[in-house]
Amino acid sequence: MELPVISLKAKRNSLHPWIFSRMIRHPQQRLQPGSLVEVISKEGSFIGRGIYNYKSNIGIRLLTENASEMLDQGFFFKKIEQAKIFREDILQIQRTANCYRLFHGEADGLSGLIIDKFAEVFVVEPYSAGYIGIMEWIVASLQALYPGSRIVVRPDERIAAKEGVSFSKIARNYSCPDFVEINEYNLRMMVNLKTGHKTGFFLDQRENRFTLSQYCRDREVLDCFCYTGGFAISAMLAGAKSATGIDLDEKALEIAQENAQLNAVKVTFQHINVFDYLRTKISKGEQADIVILDPAKLAGCVDEIKRAHRTYGDINRFGMQVIKPGGILLTCSCSGLVSERDFLSILTRSAAEAGVVLQIFRITGASPDHPFSTIFPEGRYLKAVFARVYPYVKKE
């Protein structure tokens, strides 16, 4: 298949798969957003093949720089097959869970494509207009690799706006069931595929949920921003004395309560603002043995970074004050624009303001089915810091 040719007007100085619109010599005869194209340098030499969209700030998403690779159905099948081999033959995630991220965008070689596996249901989340025209190839690849599976396409309206297209047709063609039950380790969860955040469930915290649960026996656990209850329920399954989950999402809390019943554990869920809840705990002098702080993304663009720093600082200062001496804090940031270095700096300031010292003993990220690439470091977005918390006693 002969592809339209797009040339660059600026020199490409990196291997990053994104080429921004300002670097492109856009053709006078406009191509459809999401067209597959061949990319050449301003001198006319081959650069690669990928997805072109003049409406997006990311003008080209390179999919290959190998001149012998054609962007046909076989190319996409091979990429997804390689991702499957990594998760199942190398990581062997299926031994402990029937849910994981099968395809993680740039890190797996297809910029802008996310595929999550929830038992026998695969949820595809496209971040690029290019996947509208080739969704049949993606679906056919999944059905060939996983016979009998159900494929769901669940686009984000905000991405559609940025891409200048509508994903509604492919969303209708590949609709989803309302719920699916999954399991990770000994945790069972119902996932709402209609209204759940992102693809329905935060698979990236799987290993962190399990790790934290190992510290929870006979302890009082406070799960802030609990969503559908994963951390709190895992804690109770591991023998926690009690667990409380706090969130402002009423629908998520309804599912969380159902998930607690599904796992035959008791968790107290409260529909309240986390900041207000923690301020009240501090005023009453109430504390817990373990506190989890896992807020939603606070910085989605550069303009939001400063506010995100302040919010992370506030929530961690409050959280540290409700932890018993020697208790454990798990605090997370899924904002890719907030670096690990900056997040640790924020925690240091919050600890000083809270009058405590952190003994950090583990720093992790997303579970290994969410790899990141050296040519796309933005893929390393999740920071999870495990620390013991001690009051700071100044010598007289």
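FYI, it's all coordinate maths here, none of it is from the lab. As the structure is a prediction and not an experimental result, all values here were calculated from the model. FYI the Cβ positions are ideal-geometry reconstructions off the backbone, even for glycines, and counts take in every protein chain you see.
Roughly how many nanometres apart are two label points built 7 Å out from the Cα toward the Cβ at Ile40 and Ser168?
3.9 nm
Out of residues 5 or more away from Gly112 or on other chains, whose amide H comes under 5 Å of its own, with H placed 1.01 Å from N in the peptide plane?
Sorted by chain and number, the residues that satisfy this are Glu106.
Determine, at each q value in 0.14, 0.16, 0.26 (inverse angstroms), the log₁₀ of I(q)/I(0) that the Debye formula gives when each Cα of the stretch 329-396 is one equal point scatterer.
Results for the stretch 329-396 at q = 0.14, 0.16, 0.26 Å⁻¹ read -0.48, -0.60, -1.16.
Using the Karplus curve 6.51 cos²θ - 1.76 cosθ + 1.60 with θ = phi - 60°, what ³J(HN,Hα) values do you get for each residue of the stretch 125-132, in whole Hz, with x for Gly and Pro?
With coefficients 6.51, -1.76 and 1.60, one gets 10, x, 9, 9, 4, x, 7, 5 Hz.
Using modelled backbone amide H atoms (1.01 Å from N, in-plane), which distant-in-sequence or interchain residues come within less than 5 Å of Ala243's amide H?
Val221, Thr268
Assuming a ≥ b ≥ c are the square roots of the Cα gyration tensor eigenvalues, decide whether the stretch 190-391 counts as rounded (a/c under 1.5), prolate (otherwise, with a/b larger than b/c) or oblate. Write down the numbers at each step before the final one.
On the way: a/c = 1.44, a/b = 1.06, b/c = 1.35.
It comes out rounded by the Cα gyration axes.
Considering only DSSP beta bridges with both partners in the chain, what is the antiparallel share in %, to the nearest 5?
65 percent
To the nearest 0.05, how large is the calculated FRET efficiency for Lys9 and Leu248 if R₀ is 51 Å and r is the Cβ-Cβ distance? Mind showing how you got there, number by number?
Working: r = 47 Å, r/R0 = 0.92.
In this case the efficiency is close to 0.60.
Got a sec? Charge dipole of the stretch 190-391, +1 on Cβ for Lys and Arg, -1 for Asp and Glu; which of Met236, Ala387, Ile292 is way out at the positive end?
Ranked along the dipole, the leading option is Ala387.
Ranking Tyr392, Tyr277 by Cβ neighbours within 10 Å, fewest first, what do you get? Write out the running numbers ahead of the final one.
Numbers: Tyr392 10, Tyr277 18.
Ranking Tyr392, Tyr277 by Cβ neighbours within 10 Å, fewest first, gives Tyr392, Tyr277.
Tell me, Kirkwood radius of the stretch 5-64 from alpha-carbon pair distances, in Å?
Evaluated on the stretch 5-64, it is 11.1 Å.
Determine the dipole magnitude for the chain: charges of +1 sit on the beta-carbon of Lys and Arg, -1 on that of Asp and Glu, nothing else is charged, the reference point is the Cα centre, and the result goes in debye to the nearest 20. Let's see the in-between values first.
Details: 50 positive and 44 negative charges, 186 e Å.
Roughly 900 debye for the chain.
In whole Hz and in residue order, list the ³J(HN,Hα) couplings for the stretch 4-16 that follow from phi through the Karplus curve 6.51 cos²θ - 1.76 cosθ + 1.60, θ = phi - 60°; x for Gly and Pro.
x, 9, 10, 10, 9, 10, 10, 6, 8, 10, 8, 9, 4
Give me P(r) over the chain, computed from all C-alpha to C-alpha distances, binned every 10 Å, as integer percentages.
Spelled out per bin, shortest first, that is 5, 21, 29, 23, 14, 6, 1, 0.
On full extension of the chain, what length is gained from Leu31 through Ile360, given 0.36 nm per residue of separation minus the C-alpha to C-alpha distance?
Taking 0.36 nm per residue and subtracting the Cα distance, the gain is 113.2 nm.
Highest first, please rank the peptides 256-263, 153-160 by the mean number of other Cβ atoms sitting within 10 Å of their residues.
On the way: 256-263: 18.8, 153-160: 16.9.
Per-residue Cβ counts within 10 Å, averaged per peptide and sorted highest first, yield 256-263, 153-160.
Given charges of +1 on the Cβ of Lys and Arg and -1 on the Cβ of Asp and Glu, with all other atoms neutral, how large is the dipole of the stretch 5-64 about its Cα centre, in debye to the nearest 20?
Working: 10 positive and 2 negative charges, 39 e Å.
My answer is approximately 180 debye.
Which entries in the list Lys42/Lys78; Lys169/Lys198; Lys251/Lys306; Lys194/Lys241; Lys55/Lys251; Lys306/Lys383 go over 28 Å, if you measure between the two C-alpha atoms of each?
Details: Lys42/Lys78 31 Å; Lys169/Lys198 19 Å; Lys251/Lys306 30 Å; Lys194/Lys241 33 Å; Lys55/Lys251 35 Å; Lys306/Lys383 18 Å.
Over 28 Å apart, Cα to Cα: Lys42/Lys78; Lys251/Lys306; Lys194/Lys241; Lys55/Lys251.
To the nearest 0.05, how large is the calculated FRET efficiency for Ser283 and Thr374 if R₀ is 35 Å and r is the Cβ-Cβ distance? Walk me through the numbers before you get to the answer.
Details: r = 48 Å, r/R0 = 1.36.
Taking R0 as 35 Å, the efficiency between Ser283 and Thr374 is 0.15.
Which of the listed residues, Ile51, Ser166, Leu62, is farthest toward the dipole's positive end in the stretch 37-167, when Lys, Arg count +1 and Asp, Glu count -1 at the beta-carbon?
Working it through, the farthest residue towards the positive pole turns out to be Ser166.
Contour minus end-to-end for Gln92 and Gln214, with contour as 0.36 nm per residue of separation and end-to-end as the Cα-Cα distance? Intermediate values should be presented prior to the final figure.
On the way: separation 122, 0.36 × 122 = 43.92 nm, distance 2.13 nm.
Fully extending the segment from Gln92 to Gln214 adds 41.8 nm.
Name the residue farthest towards the positive end of the dipole of the chain from the options Leu113, Phe376, Leu193, assuming +1 on Cβ of Lys and Arg, -1 on Cβ of Asp and Glu, about the Cα centre.
It is Phe376, whose Cα lies furthest towards the positive end.
Whole-Hz Karplus ³J(HN,Hα) for the stretch 272-282, in order, using 6.51 cos²θ - 1.76 cosθ + 1.60 and θ = phi - 60°, x for Gly and Pro?
7, 5, 4, 4, 5, 4, 5, 4, 5, 4, 5
Which value, in debye to the nearest 20, gives the size of the charge dipole of the stretch 1-139 about its Cα centre, when Lys and Arg are +1 and Asp and Glu are -1 at the Cβ?
Working: 17 positive and 15 negative charges, 135 e Å.
The calculated dipole for the stretch 1-139 is roughly 660 debye.
Separation between the Thr195 and Lys306 pseudo-spin-labels, each 7 Å from Cα along Cα→Cβ, expressed in nm?
Going from the Thr195 label point to the Lys306 one covers 3.7 nm.
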